[in-house]
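Laboratory data are not the source of any read-out in this text; all were calculated from the coordinates shown. Just so you know, these numbers come straight off a predicted model, no measurement behind them. Using ideal geometry, Cβ is built from the backbone for each residue, glycine included, and neighbour counts are taken over all protein chains shown.
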Amino acid sequence: MTPLPRIAIAGLGIESSTFSPARTEASAFHPLRGGDILDRYAGFLGEGTPLRSAAEWRPALVGKALPGGIVTAAAFRELSVELIERLAALPPLDGLWYDIHGAMTVEGVDDAEAVLLRRIRDAVGPDVLVSTTMDLHGNVSRELAHLTDLITCYRTAPHEDALETKERGVRNLFERLRAGSGRPLKAWIPIPVLLPGEKTSTRVEPAAGVYAQVAEVEAEPGVLDAAIWVGYAWADEPRNRAVTVVTGDDEVAVTAGAQRLARAFWDARDDFAFAAPTGTLDECVAAALASAARPYFISDSGDNPTAGGAGDVTWTLARLLETPELTAEGRTVIYASLPAPEAIPVIEAAGVGAQVTVTAGAAVDDTHEGPVTLTGVVHSIRHGDPDAEVEAVLRIGGLHVILTRARKPYHLESDFRALDLDPRRADVVVVKIGYLEPELYDMARGWMIALTPGGVDQDLVRLGHRRIRRPLVPFDPADFEPELHARLIPASNAPLTGDDE
Ligand SMILES: [Zn+2]
C-alpha cells in the first residue's frame, strides 16, 4: 500500500496599511497550532471529509489577523521562528499548503510572504511541493511566484469563494502529489495598475467580465489554475500592483492564458469605478436624508478596518455628531463603529439606561481628528465578541453609536441585532467599510461611499506612495504600452536569474 502524501499547513495572513500609524503585534494573528488548524478548514478538511483521509496532514502554524497597520519586526520574527521550528520538527514532507493573504507589510522587510516562504523552503527542503492560496488583494512578486509551485487566489470580491479557493489550492496540490506529476509551469505577468478593492468588485463591470475569463482560462487543456491579483493599494512596496499567474503543464496554454487575462485587465483600466456612487461625507449625508430609500447605507471608507484602517479615526463621527438632523429624536441612525477602550469601563459601570459622557477614539490614528466626546444613554452592552471583546451602544438622540474595546468589522445583520439594533428599520446606517458585504448589500435600499480620510483613503494618489514601480496607473497617465508578455518563472528548485520585472 502506497503511503499517504504527507502535507504540512502553514501561513500568516494580514493586509497591512503603511499609511496608518497603527502597528500589528503577534497576538493579533490569533495563531492556531497543530490540530486546531484543521478545524478552521472544516468544510473540506474536517473529520470525515475525503481530503482529510486521503493525506497525512501536518498542520504547523497558521495566523490570521484583521487588516491593520504594519506588522512589527518583533512580531514577524516571533511568529516566523515558531512556524519554522514547528515545520522543522516534522518528518519529511511531500507537500506544503501555504495559506496567506499576501499583503503583509513588516517593518524593515520587503515582500514578507516571499521572505517567509524562503525560510520555509530552507527548513523543509527543495523537493516539497508548495501550493499557495491568497486573497486577490495580495501581491505576487516574481520571487513569491518562484518559491511556490502552485499559486491561486479568490475570484470574487467580496470574497464569497474564500473557502472554495483554499480547497482548490489544496486539492490541486494533493492531486499533483498523488499523480506524481511534479511541478507545473508558471506564467507570471505584472500589470502596471494599482486599484482600491472598491473599484474592482466582481459584482459589477468591468471586474465581473475580467474575472469571468479566469474560469475560461482554467478550463483550457493543459491549464491547472488561473488567477488575477488586484494587489493591495495601501502599502508602498515595489511589489504592489496587479498580477496574473496561470499554472499548468502546457507552455503554450499557460502563456496564452496569462496574456489573455493580463490584457483584459489592462484594457479595462479606465473603466474600473467605485461600486456605488461616491461623494464627500456631506454629500452622502445630504443624499441619505433626502432619499426615501430605507435603510440608506453610507460607507465610511477611509478608515475601513477590513482594508487596514486603524479603525479609530473619529473624523466622520465628529461630523455626524454636529449634524442635528442625524441626532434628532424620531430618526434612527446607526454608526458602526469606534474602538474606545477607555470609554467601555465607564459605560459598563453606568449600565444600560444610564446617561454617560465619555471620550472616545483617535488613540491610534489621530492624524485627522482628535478624540470625540459623547454624551448619551447606554442602549446596550455585550460581552464576548472575539474581535470587539466588549461592545456598547450609546444613543445620542436618534444616533446610535457602537463603541468597542477592540476593533471589529460590522458585516453581518447579527452583529447589529446582538446589540439590540435593527439596521433594517434604521433610516441611515454608517459603517466603516468599503463595498458593502453581502448581507448589508442585500439589506441596503440606498448606498453611497463617502470618501473620508484615513489609513485606507480611496484617493490613492493623494496618499504619497514613493516606492511603487513606475509607471503605474493611476499614479501616471494610462496612455503607455506595458510589457504584457508572459514570463515563465523557473521551477522552485531551479535558480531565479535576471530581473524580468
Ligand atoms: Zn481581499
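Here is how the numbers come out for the structure above:
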quantity	calculated
Degrees separating the helix 207-218 axis from the principal Cα axis of the chain, which is the longest one	20 degrees
Sparsely packed trypsin sites (Lys or Arg not before Pro) within the range 442-501, loop by DSSP, other Cβ within 10 Å at most 13	Arg445, Arg466, Arg467
Cα lying deepest toward the dipole's positive end in the chain, options Ala54, Val356, Val109, charges on Cβ	Ala54
Calculated FRET efficiency for the pair Glu329/Asp110, C-beta based, R₀ 60 Å, to 0.05	0.65
Considering only the chain, percent of DSSP beta bridges that pair antiparallel, nearest 5	45 percent
Relative contact order (%) - the range 278-457, alpha-carbon pairs under 8 angstrom, separation at least six	39 percent
Integer Hz, Karplus 6.51/-1.76/1.60 couplings in order for the range 465-471, x for Gly and Pro	4, 10, 10, 5, 6, 10, x
Fewest-first sequence of Trp315, Trp229 by Cβ atoms within 10 Å of each Cβ	Trp315, Trp229
Residue list for the range 269-292, given a label point 7 angstrom along the Cα-to-Cβ vector of Arg445 and an amide N cut-off under 15 Å	288-292
Under 17 Å from Lys408, Cα to Cα: lysines that are on another chain or at least 8 residues apart	Lys64, Lys432
Magnitude of the charge dipole, the chain, Cβ model with Lys/Arg +1 and Asp/Glu -1, debye to 20	600 debye
Simple spin-label estimate for Glu175 and Glu47 in nanometres, 7 Å along Cα-Cβ	2.9 nm
Principal-axis tilt of helix 73-88 within the chain, Cα atoms, nearest 10 degrees	40 degrees
For the range 301-446: rounded, prolate or oblate by the Cα gyration tensor [a/c cutoff 1.5]	rounded
Calculated [θ] (222 nm, deg cm²/dmol) that DSSP helices of n ≥ 4 give over the chain, each run adding -39,500 (n - 2.57)	-7500 deg cm²/dmol
Relative contact order of the range 260-347, defined on C-alpha pairs under 8 angstrom at six or more residues apart (%)	16 percent
Separation of the Glu483 and Asp459 label points, Cα + 7 Å toward Cβ, nm	3.5 nm
Residue order, fewest to most surrounding Cβ atoms within 10 angstrom, among Glu369, Glu481	Glu481, Glu369
Full-stretch length increase - Ala349, Asp422 - with 0.36 nm per residue and alpha-carbon distance subtracted	23.8 nm
Residue among Ala491, Ser291, Pro196 farthest towards the positive dipole end of the chain, charges placed on Cβ	Ala491
For the range 278-457, size of Cβ-based charge dipole, Lys and Arg +1, Asp and Glu -1, in debye	420 debye
Ranked list, fewest to most other Cβ atoms within 10 Å of each Cβ, for Thr280, Thr367	Thr280, Thr367
Cα-based helix-to-principal-axis angle, 162-179 vs the chain, degrees rounded to 10	10 degrees
Which of Gly169, Pro91, Gln259, positive extreme of dipole for the chain (C-beta unit charges)	Pro91
FRET efficiency, 1/(1 + (r/R0)^6) with R0 60 Å, evaluated for Ser291 and Asp499 via beta carbons	0.65
